[in-house]
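A.B. asks: Got a structure for you, questions after.
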Amino acid sequence: MAEKPLHHGHRARLKERYLASEFREFSNHEILEMILFFGIPRRDTNETAHKLINHFGSFSKVLDASLDELMECGLPENAAIWLKLVCKLSNIYVSDRNFNLEKSYSVTDMENKILELLMNEIEEKIVLVMYDAKGMELFCGIISEGDYNWSEELYARIAELSVRYHATTIMIAHNKLNGVAAPTPKDIDNTMILFNSLSKIGVRLNDHYIVAGNELYSMVADDDLRVIFA
């Protein structure tokens, strides 16, 4: 039986390390090695990563190198383009993220956004809005469509999204196809269940909005229901 190559299974092990801890405890050459997985398929990229960092002097200088310089160092064209793409995407991501972190939405902005998403809809939908500790919007979108059905699965999805986005406060909204923009006893019960469920993971539910047509109702603005969010 032929012996397995020295690095047999190495890519899988490196991917498992990444999935377990992202890039914590990774050296720079291991990070570069893993990036090169997707530019140089089915080949050992460990030696290539070492060679590039030794040649250019650092991880960042490898990514800053020109396409021609990377290819002169032995990288195939597709791999060199891939490294330049990673670098450019990183720059675009940081620029976009910093721009959006400067945008803090007022209550009026957020309520208008909810109305745009839900008014005059022909099916029932649930919208989730999430904020970080500084009041910056992290997420705003429809998370459920179809029958308006609050369930353990929905509570779990809201909690999972809150943890994924590192949210500290959220707001929820749903629309009614008929009737007025006002809560039913079931809406109130579901709101209390969600508030208590989120509080266990350190996330605060700040409001529950109800939309009917082009009208919007806020539970926290209702003197009789504000206590739910206290």
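The values are calculated or read from the model by the stated rules, or taken from the named source; none is laboratory data. Only a predicted model underlies this, so the values are computations on that prediction, with no experimental measurement involved. With ideal geometry, Cβ positions are generated from the backbone for all residues, glycine too; neighbour counts draw on all protein chains shown.
A.B. asks: Only residues that are at pLDDT 80 or above and among the β-branched types (Val, Ile, Thr): list them for the stretch 72-112, please.
C.D. replies: Hits for the stretch 72-112 are Ile81, Val86, Ile92.
A.B. asks: Separate question: Would you check if Ser199 is in contact with an Asp or Glu (Cβ under 9 Å, 6 or more places away or on another chain), among the polar types (S, T, N, Q) and surrounded by fewer than 20 Cβ atoms within 10 Å (Cβ to Cβ)? Explain how you work it out, then say what you get.
C.D. replies: Working: in contact with an Asp or Glu (Cβ under 9 Å, 6 or more places away or on another chain): no; among the polar types (S, T, N, Q): yes; surrounded by fewer than 20 Cβ atoms within 10 Å (Cβ to Cβ): yes.
Considered against the rule, which asks whether it is in contact with an Asp or Glu (Cβ under 9 Å, 6 or more places away or on another chain), among the polar types (S, T, N, Q) and surrounded by fewer than 20 Cβ atoms within 10 Å (Cβ to Cβ), Ser199 comes out as no.
A.B. asks: State the number of residues belonging to the stretch 35-85 that are assigned to a helix (DSSP H, G or I) and within 19 Å of Arg13 (Cβ to Cβ). Quick ask: steps written out before the conclusion?
C.D. replies: From the stretch 35-85, those assigned to a helix (DSSP H, G or I) are 35-37, 46-56, 59-64, 67-72, 77-85; that's our starting set.
In the following step, the residues that additionally are within 19 Å of Arg13 (Cβ to Cβ) were identified as 35-37, 46-50.
Residues that pass the stated criteria total 8.
A.B. asks: Here's another thing I want to ask about it. Got at least one residue in the stretch 217-224 being among the aliphatic types (A, V, I, L, M), surrounded by 16 or more Cβ atoms within 10 Å (Cβ to Cβ) and free of Cβ contacts under 8 Å to residues at least 24 places away in the same chain? Spell out the reasoning first.
C.D. replies: Initial filter on the stretch 217-224 (among the aliphatic types (A, V, I, L, M)): 219-221.
From what is left, the residues that are surrounded by 16 or more Cβ atoms within 10 Å (Cβ to Cβ) are 219-220.
Retained after the next criterion (residues that are free of Cβ contacts under 8 Å to residues at least 24 places away in the same chain): 220.
Yes, the stretch 217-224 contains a residue that is among the aliphatic types (A, V, I, L, M), surrounded by 16 or more Cβ atoms within 10 Å (Cβ to Cβ) and free of Cβ contacts under 8 Å to residues at least 24 places away in the same chain.
A.B. asks: Taking the condition in a helix (DSSP H, G or I), at pLDDT 90 or above and more than 23 Å from Glu116 (Cβ to Cβ), does Ile193 pass?
C.D. replies: Values: in a helix (DSSP H, G or I): yes; at pLDDT 90 or above: yes; more than 23 Å from Glu116 (Cβ to Cβ): yes.
Yes: the conditions hold for Ile193.
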